[in-house]
Amino acid sequence: GDSVTQMEGPVTLSEEAFLTINCTYTATGYPSLFWYVQYPGEGLQLLLKATKADDKGSNKGFEATYRKETTSFHLEKGSVQVSDSAVYFCALTSGGAAGNKLTFGGGTRVLVKP
Amino acid sequence: EAGVTQFPSHSVIEKGQTVTLRCDPISGHDNLYWYRRVMGKEIKFLLHFVKESKQDESGMPNNRFLAERTGGTYSTLKVQPAELEDSGVYFCASSQGGRNNEKLFFGSGTQLSVL
């Protein structure tokens, strides 16, 4: 079945540091890939997505590129802020009969210190 | 426009008791999903409603869990009797429907603690 593996946290960074969160997946067919973020006390929010190979999703300074050859969708941000402290989840949908059913990774907690 | 709302935000119950979680999706959203995150692990799918019908309940862990969506509006998830391993965060999400890979809107979750 489908699965998503992402690096375990917590990841602690200083403000303006470079952030990378690794994500790899196993899926049937051609999945769509997502990064969701959960800020403290809030629900999950879609951060970015990519629906086909070589697509790059981007939002709020974050980027991730759909790499089919390495089955990866690593999240990057060049200069993090304290407000980026949150839990980040990589996820996929296989589409078809599964529709919008999401398969999530375990989440990576990121803490950005001033 | 109101987002997806979940109630309660926190619930602490004893093993063997019953708890009912409620989710109000965004108005007009036909699709409603329940997910849960147990013990800081990955978020796992529980089930999917399309309007009032259960489209996919393959993620429901056992028959102690009962989900309903009366009239295709709000949904409830009842756990009876609750066990220690049911502790976790239960998320609800909704989407309009009709297309794959469309955006899901999540609620803030219900933190369930079974003691």
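Please find, within segment A:100-112, the residue that is modelled with the lowest pLDDT out of those that are in contact with a Gly (Cβ under 9 Å, 6 or more places away or on another chain) and of a type outside the set (S, T, N, Q).
Per the stated criteria, the residue is A:Lys101.
So A:Met7 passes all but one of these: (1) in contact with a Cys (Cβ under 9 Å, 6 or more places away or on another chain); (2) within 12 Å of chain B (Cβ to nearest Cβ). Which condition number does it fail?
(2)
Identify, by number, the condition in (1) in contact (Cβ under 8 Å) with a residue 40 or more places away in the chain; (2) closer than 27 Å to B:Gln6 by Cβ; (3) under 14 Å from the mean Cα position of the chain (by Cα); (4) within 14 Å of chain B (Cβ to nearest Cβ) that A:Ser94 doesn't meet.
The single condition A:Ser94 does not satisfy is (3).
With A:Glu16, A:Glu42 as the choices, which residue is under 24 Å from B:Gln111 (Cβ atoms) and either modelled with pLDDT of 95 or more or within 11 Å of another protein chain (Cβ to nearest Cβ) (or both)?
A:Glu42
Take the residues in segment B:55-77 that are open to solvent by 70 Å² or more (accessible area, probe 1.4 Å) and in contact (Cβ under 8 Å) with a residue 40 or more places away in the chain; name whichever of them is nearest to the chain's Cα centre (by Cα).
Per the criteria, the residue is B:Tyr74.
Report every pair of residues separated by at least 6 positions or lying on different chains whose Cβ atoms are under 7 Å apart, first residue within segment A:6-27 and in contact (Cβ under 8 Å) with a residue 60 or more places away in the chain, second small (Gly, Ala, Ser) and in a loop (DSSP other than H, G, I, E, B).
Here the result reads A:Gln6/A:Gly105; A:Gln6/A:Gly106; A:Glu8/A:Gly106; A:Glu16/A:Ser79; A:Phe18/A:Gly78; A:Cys23/A:Gly105; A:Ala27/A:Ser94, each pair linking segment A:6-27 to a residue that is small (Gly, Ala, Ser) and in a loop (DSSP other than H, G, I, E, B).
Name the strands (runs of 3 or more DSSP E) wholly within segment B:20-62 that hold at least 3 residues that are over 22 Å from A:Phe89 (Cβ atoms)?
B:53-56
Considering segment B:63-89 alone, what residues qualify as being in a strand (DSSP E or B) and under 17 Å from B:Asn31 (Cβ atoms)?
B:Ala67, B:Glu68, B:Ser75, B:Thr76, B:Leu77 - these are the residues of segment B:63-89 that are in a strand (DSSP E or B) and under 17 Å from B:Asn31 (Cβ atoms).
The values are calculated or read from the model by the stated rules, or taken from the named source; none is laboratory data. Quick caveat, the model's predicted, so the values are computed rather than measured. Counting neighbours? That spans all protein chains shown, and the Cβs are built from the backbone with ideal geometry, glycine included. Quick note on the areas: whole protein, heavy atoms, side chains included, nothing else; ligands and nucleic acids left out. Shrake-Rupley method; radii C 1.70, N 1.55, O 1.52, S 1.80 Å.
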